[in-house]
Amino acid sequence: MDPVLETDQLGKRYGRTWALRDCSLRLPAGRVAALVGPNGAGKTTLLHLAVGLLRPDAGTVRVFGASPYDNIRTLADVGFVAQDTPLYRDFTPVELITMGGKLNRRWDAALARHRLADLGIPPDRPVGKLSGGQRAQVALALALAKQPRLLLLDEPVASLDPLARREFLQSLMGSVADAGTTVLLSSHLLADLERVCDYLVVLNAAQVRLSGAVDDVAASHRQLVGPRHNGEPIAGVAEVLRASHTDRQSTLLVRTHGPITDPMWTVHEVTLEDLILAYLADGHAQTSHAAWGVLT
Amino acid sequence: MIWMAWRQHRKQLLFTVLGLAALAAFVVPTGVAMRKSFADKGLDGCLSSASQRYPDSACVAALDSFSNEFGGLAIVGVLFVVLPLLVGLFLGAPLVAREVEHGTHRLVWTQGVSRRHWAFVKFGLVGAAALCAATVYGLGVSWWIAPLHDAGSIGSRLSPLLFDMQGVVPIAYTLFAVALGIFAGILWPKVLPAMAATLAGFVAVRIPLAVLARPRYIAARERTYPVIGAESAPDPDPDSWLLASGVRDASGRMVAPHAEIVCVPNSGGPAGGCADVGIDAYNWQLYQPGSRFWPFQWIESGIFVALTVLLLYLAIRRLRRLT
């Protein structure tokens, strides 16, 4: 099946700094994908490239096989909720729904109205006076009313309290499950998304560190505990991501390419959270020490 | 999309209308009063009957009285010159800058309307509103200032400031200011810097054009007359705009810049300045005839409309690359 979102060697530069570099990934249709990475990793840049707000400086980005840059035919199939859920603050939710109807050819106003009615959001109050959670719901309703085949959400829950987070994600999943919408949502915390996503893209320091279905990722990583390890190859291990040692014992987080049969090692499953932390720790830049004039 | 642009800018448009209403509250009563006084004093008759440059004493007194009564208002009229700039600052500059500053461009540019379409509608609506406001204002001020000009209270219509606030140029200035504001808002997509850039850009274009280019739109005319003999300057057109003047000697060398010397013939003796400059000297003046008011209005409007079109073209081109 053709991927919904495909990038190839994609790069975006601000001045001399690459915000995103050599980013190649394929997001299959029907997935709910988490885009995880620390602040400044390039998540927003990747999403803005995918939704046609930015033009790539290197490589290509394709959405439904076409470049999305200022391309309204492709954008008609893409719903987008930007970071901090920007809305015209003096518009009421009703007016925003009217606006969506005027700006889009395909528009399900009834769907948006039903959603917001179910959530108890006042229709006639300017959205600038709603709470952060309510604003996020309004923004999501606007994105869903486009009946998108791809839904992109940039840190949709970052400004919400834990209860509102759960409600937001629940209502999101309720809406996309039936329609088979492909979803890509970003967060700097996996814990926000772990329950809802079945696909994972880990971004750090402008590069993709890991991407794949959650099941595959979970199956291909293991924690090994065994005698002190000095770097010699282990059968079935493709890469050691993280190693910690005591005098006699080593704990390794590894990516596998086959079963680990060596009886020397005790094999444990790893949580997604540990796994992601290992990938993120990997890319920590040390340049700022020089910039600050301090020694490490 | 038109609904959207209207909904977004209706408040600004309302304030524009209120501003015009406030202006009308000043212009209409004073304008009516001026016209009434103009008629009561019989100035119409004075100015038309004679075609004479030296009206009789009753008329002179009436004109003086009118000028004393209303001449001071011309100072208020100077304030009208800044109105086009205000429209550019408050309608033009925030148009794109505020979207980007508030992040709402990420909402509106990801809907099913291309940036170009969005820009056409928004620029069109705000531009049309500015055009209407400027037309009302330009015609209103022209109507208001006509009696002051006719009575000779304020000098030539071509002179700086008076030229700038009447006729069609205010409309062209307003459109230019709006286009400049939009363009500045795309270059610096934040409201305050965009407004500052609009202010600086507007002044940087308007003043050099008014001071340096305007006197040269059409080659100025020269007028010479002897220092001895003429009773006063032979002025065929009291509405002409004097650019430069002075006294030259027989060889054409300027001997007394910015001066005019008129001596009574055969008075004998070292009378006034005549003794210093010699009897062959002559007065020299460089001027634009008042009859060129409308050609100058159209030339200057043409320049600003052309600049407006250029700025809008660049704005839309740049908007597509704005990220």
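Only beta bridges with both residues in region A:5-213 are counted; by DSSP, about 55 percent of them are antiparallel. Here chain A is treated as a Stokes sphere of Kirkwood radius computed over C-alpha pairs; at 37 °C and 0.692 mPa s its diffusion coefficient rounds to 157 µm²/s. The GNM of chain A, with springs linking C-alpha atoms under 10 angstrom apart, assigns the highest mean-square fluctuation among A:120, A:133, A:40 to A:120. Within 10 Å of the Cβ of each residue in A:114-125, the mean number of Cβ atoms contributed by other protein chains is 0. Remark: spin-label model distance residue B:143-residue B:35 equals 0.7 nm, labels positioned 7 Å along the Cα→Cβ axis. Of the candidates B:297, B:12, B:166, which one comes out as most mobile in a Gaussian network treatment of chain B with C-alpha springs shorter than 10 Å? Its mean-square fluctuation being the largest, the pick is B:12.
Computed 3J(HN,Hα) for region A:40-57, one whole-Hz value per residue from the Karplus formula 6.51 cos²θ - 1.76 cosθ + 1.60 where θ = phi - 60°, is x, 7, x, 4, 5, 4, 4, 5, 5, 5, 5, 9, x, 7, 10, 10, x, 8, glycine and proline marked x.
Which pairs in the list B:122/B:190; A:12/A:146; A:102/A:146; A:146/B:190; A:43/B:122; A:12/A:43 are over 23 Å apart, alpha-carbon to alpha-carbon? Please report the intermediate quantities before stating the final value.
Numbers: B:122/B:190 18 Å; A:12/A:146 28 Å; A:102/A:146 12 Å; A:146/B:190 30 Å; A:43/B:122 31 Å; A:12/A:43 12 Å.
With Cα atoms farther than 23 Å apart: A:12/A:146; A:146/B:190; A:43/B:122.
Which FRET efficiency, nearest 0.05, do residue A:159 and residue A:195 yield, Cβ-Cβ r, R0 22 Å? FRET efficiency, residue A:159 to residue A:195: 0.70. Sorting A:69, B:313 by the number of Cβ atoms found within 10 Å of their own Cβ, with the fewest placed first, yields B:313, A:69.
For residue A:209, the residues 5 or more places off, or on other chains, whose built amide H falls under 5 Å of its own are A:202, A:203, A:204. Label separation (residue B:318 vs residue B:251): 5.5 nm, computed from points 7 Å beyond Cα along the C-beta direction. Region B:298-318 and region A:93-169 have Cα centres separated by 40 Å. Remark: region B:26-35, residue by residue, has Karplus-estimated 3J(HN,Hα) of 8, 5, 5, x, 5, x, 5, 4, 4, 5 Hz, where x stands for each Gly or Pro and the curve is 6.51 cos²θ - 1.76 cosθ + 1.60 at θ = phi - 60°.
For region A:101-133, backbone nitrogen atoms closer than 15 Å to the point 7 Å from residue B:6 Cα along Cα-to-C-beta are found at A:102-103. Loop-located trypsin sites (Lys or Arg not before Pro) across region A:13-92 with a Cβ neighbour count of 12 or fewer within 10 Å are A:16, with loop assigned by DSSP. Across A:131, A:186, A:244, mean-square fluctuation computed from a Gaussian network of chain A (C-alpha pairs under 10 Å connected) peaks at A:244.
In order along region A:165-170, phi translates into HN-Hα couplings of 4, 5, 4, 4, 5, 4 Hz, rounded to whole numbers, per the Karplus curve 6.51 cos²θ - 1.76 cosθ + 1.60 with θ = phi - 60° and x for Gly and Pro. Counting only DSSP H runs of at least 4 residues, each contributing -39500 (n - 2.57), and dividing by the residue count of chain A, the helix-based mean residue ellipticity at 222 nm comes to -9000 deg cm²/dmol.
Can you check what the net charge comes to around residue A:92, using other residues whose Cβ is under 13 Å from the Cβ of residue A:92 (Lys, Arg +1; Asp, Glu -1)? Display every interim value, and only then the final one.
Working: positive: A:89, A:113, A:125, A:129, A:135, B:7; negative: A:90, A:95, A:124.
Net charge around residue A:92: +3.
Amide H contacts under 5 Å for residue B:263: B:228, B:229, restricted to partners 5 or more places along the chain or on a different chain, H placed in the peptide plane at 1.01 Å from N. Between the beta carbons of residue B:200 and residue B:258, assuming R0 = 22 Å, the FRET efficiency works out to 0.10 to the nearest 0.05.
Within a straight-line Cα-Cα reach of under 16 Å, residue B:11 can be paired with the following aspartates and glutamates, leaving aside sequence neighbours fewer than 8 residues apart in one chain: A:90, A:95, B:99. Here is how the number arises for chain B: DSSP H runs of 4 or more residues each give -39500 (n - 2.57), the sum is divided by the residue count, and the result at 222 nm is -19500 deg cm²/dmol. Taking amide hydrogens as placed 1.01 Å from N in the peptide plane, the amide H of residue B:245 sits under 5 Å from those of B:258, B:286, each at least 5 positions away in sequence or on another chain.
Label-to-label distance for residue B:298 and residue A:228 is 9.8 nm, based on points extended 7 Å past Cα in the beta-carbon direction.
Laboratory data are not the source of any read-out in this text; all were calculated from the coordinates shown. Here the structure is a predicted model, which is why all the values come from computation and not from measurement. Cβ atoms come from the backbone with ideal geometry, glycine included; neighbour counts cover every protein chain shown.
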